[in-house]
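Structure, as structure tokens:
Bear in mind these aren't lab numbers, they're just calculated from the coordinates by the rules spelled out. Bear in mind that the values here come from a model prediction, so they are computed numbers and not experimental data. Cβ placement follows ideal geometry from the backbone for every residue including glycine, while neighbour counts extend to all protein chains displayed.
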Amino acid sequence: MGHPCHLDFLTNLGLIGCGAILVQRTFVGFGALGCTGYLGHLASGIFEDSWLFPIALTAIGPGIVYLGILWQRHEVQITVRVQVLLPQTLRELFAARGQS
């Protein structure tokens with residue numbers, strides 16, 4: 001089994017996914033903060049003397065920004081498509097809450 005920090009990172013990615021499905025931006029925000037903290041841990045501890053890690057993060061950064069822009073433009077369509085995969089009872093709950 002992996003290091004506990006790996007599990008934290010996966011949990012934070014799960015928060016981002018759940019926030020996207022449930023239309024809860026708070027989950028997405030806290031998941032993103034957790035992922036950022038994990039990357040900070042990698043940068044300061046594990047890859048402390050590596051010159052390649054900052055270059056990799058610099059290359060990944062614009063990709064993340066681009067994905068965020070795409071998400072913002074197509075949030076409703078993405079949410080609807082993902083919610084179709086949920087059980088009928090959950091879809092009805094979202095419809096009752098007016099989130100679909």
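For segment 72-100, the candidate set comprises residues that are within 16 Å of the chain's Cα centre (by Cα) and touching a residue at least 40 places away in the same chain (Cβ under 8 Å); within that set, the residue that is surrounded by the most Cβ atoms within 10 Å (Cβ to Cβ) is 79. In segment 39-71, how many are surrounded by 11 or more Cβ atoms within 10 Å (Cβ to Cβ), aromatic (Phe, Trp, Tyr) and assigned to a helix (DSSP H, G or I)? Of the residues in segment 39-71, 2 are surrounded by 11 or more Cβ atoms within 10 Å (Cβ to Cβ), aromatic (Phe, Trp, Tyr) and assigned to a helix (DSSP H, G or I). Within segment 37-82, the set of residues being closer than 27 Å to residue 94 by Cβ and in contact with a helix residue (DSSP H, G or I) (Cβ under 6 Å, 6 or more places away or on another chain) comprises just one member, 82.
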